[in-house]
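K.L.:
Quick one: this structure, given as structure tokens, is what I'll be asking you about.
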Amino acid sequence: MYLEFDQMPAHARVWVYQADRRFTKEELYWIEERLTSFCDQWNTHGSMMPTSFQVKFGQVVILAVDESKLGASGCSIDSSVRVMREIEERFEVNLLDQGKVSFLENEDSLVVNSVFGIKDKVAKGELHPDSITLNPLVKLKGDLENNWLLLAKESWLNKYFQN
């Protein structure tokens, strides 16, 4: 059962998917329609779960499930991954690869880079200790407010700034 994202409780489980590019307006419209439809029918063992999604920075998809009454089963999680794969294939983007580092270039411009290119970004001064980075490992909706956007020096990336 789909709920607006702000109606999801802080303890809702979240999954963060970072696309390697911004979606166009038309793509976002299709993604929002598809994810609303998916969330409306997302269930675990036949029981509906309160679910939602949000797209941030035009390229980060966040899925949320309130597991307080029913935990998301392996099959239900697999169904969400199939939807993400469908989006990947339809729009030729990379969502499921977890080997990405994202940071804000400015207030609304996100840079998504392979983890293997981070040293180069630091060397060029594009990524610095005060860059705001995304922590894709957040597990709860409440963590999106406190632990999702971190200064690079307060994240695992700090090791790249040590002399």
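Throughout, read-outs are computed from the coordinates displayed, never taken from laboratory work. Everything numeric in this text was worked out from a predicted model, so none of it was measured. All Cβ positions, glycine included, derive from the backbone under ideal geometry; neighbour counts span all protein chains shown.
K.L.:
Within the range 1-34, which residues have the backbone N less than 13 Å from the label spot 7 Å out from residue 79 along Cα→beta-carbon, could you tell me?
P.N.:
1-2, by backbone N distance to the label point.
K.L.:
Kindly put 29, 160 in sequence by how many other C-beta atoms sit within 10 Å of each C-beta, fewest to most. Before the final figure, lay out the partial values.
P.N.:
Values: 29 11, 160 16.
The fewest-first ordering by Cβ neighbours comes to 29, 160.
K.L.:
Report the Cα centroid-to-centroid distance between the range 16-40 and the range 117-151 in angstrom, as an integer.
P.N.:
Going from one Cα centre to the other spans 22 Å.
K.L.:
If packing is taken as the average count of other Cβ atoms within 10 Å, what order do 146-159, 53-66 fall into, highest mean first?
P.N.:
Numbers: 146-159: 15.8, 53-66: 20.4.
Ranked by mean Cβ neighbours within 10 Å, highest first: 53-66, 146-159.
K.L.:
Given Cβ point charges of +1 (Lys, Arg) and -1 (Asp, Glu) and nothing else, what value in debye, to the nearest 20, does the dipole of the chain about its Cα centre take?
P.N.:
Computed about the Cα centre, the dipole is about 500 debye.
K.L.:
Expected output is a single nm value to one decimal: the length gained when fully extending between residue 37 and residue 25, i.e. 0.36 nm times separation in residues minus the C-alpha distance. What is it?
P.N.:
Extra length available between residue 37 and residue 25 comes to 2.5 nm.
K.L.:
Any lysines with Cα under 27 Å of the residue 153 Cα? List them, leaving off those in the same chain fewer than 8 positions away.
P.N.:
56, 100, 119, 121, 124, 139, 141
K.L.:
Now a separate question. Separation between the residue 56 and residue 106 pseudo-spin-labels, each 7 Å from Cα along Cα→Cβ, expressed in nm?
P.N.:
With each label placed 7 Å out from Cα toward Cβ, I get 2.0 nm.
K.L.:
Relative contact order of the chain, please, whole-number percent, based on alpha carbon pairs below 8 angstrom and at least 6 residues apart.
P.N.:
Relative contact order here is 26 percent.
K.L.:
Between residue 90 and residue 130, what FRET efficiency follows from the Cβ-Cβ distance if R0 is 41 Å, with the result rounded to 0.05?
P.N.:
0.65
K.L.:
Compute the acute angle (0 to 90°) between the alpha-carbon long axis of helix 74-91 and the principal axis of greatest extent of the alpha-carbon atoms of the chain; round to the nearest 10°.
P.N.:
Around 60 degrees separate the two axes.
K.L.:
I need to check one value: relative contact order of the range 100-161, counting alpha carbon pairs closer than 8 Å and at least 6 residues apart, in percent.
P.N.:
30 percent
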